[in-house]
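Worksheet: the structure to be examined is printed underneath.
The values are calculated or read from the model by the stated rules, or taken from the named source; none is laboratory data. Quick caveat: nothing in here was measured; it's all calculated off a predicted structure. Cβ placement follows ideal geometry from the backbone for every residue including glycine, while neighbour counts extend to all protein chains displayed.
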């Protein structure tokens, strides 16, 4: 089975986080094992509204404009939901909208030009930009915690914008 959804490069880097145990969070089933995959995800799955007037993104290929997946077992797991949309509005206008929407999850990090991480950032449980950065000419924002992140990637597309809404959760019952 092939997956027709191309995951943006910054999400591939985030996938590496799944192999690293994170502090406990509410798992789908503590003693269960499960896998979830759907080529359909909604703004509800991501926890962020769709920018007014947006339409689902269409590539020249047959790639899906959304995906929802998860894997859990033995007290650890991850969930990922991505929705890719287009807007006729400029990237700056879309970015301003999502900075406000992300604020409900806590401090909004602008990873477009992230500050250098300090040693205390690396050892804390606070969300950081890490190595995440937008595609050339784009903007990337994050909010939440290391275990439950909400990410918005906005980039120019002709006279408008293309943007990705991402919810990423990972957890482990392992205590370090």
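General remarks:
- Residue that is more than 26 Å from residue 39 (Cβ to Cβ), at pLDDT 95 or above and outside any strand (DSSP E or B), where the choices are 93, 175, 122, 146: 93
- For the range 8-67, filtering for residues that are modelled with pLDDT of 70 or more and in a helix (DSSP H, G or I) leaves 4.
- Within the range 150-168, the residues that satisfy the criterion of being surrounded by fewer than 21 Cβ atoms within 10 Å (Cβ to Cβ) and assigned to a strand (DSSP E or B) are 155, 156, 157, 160.
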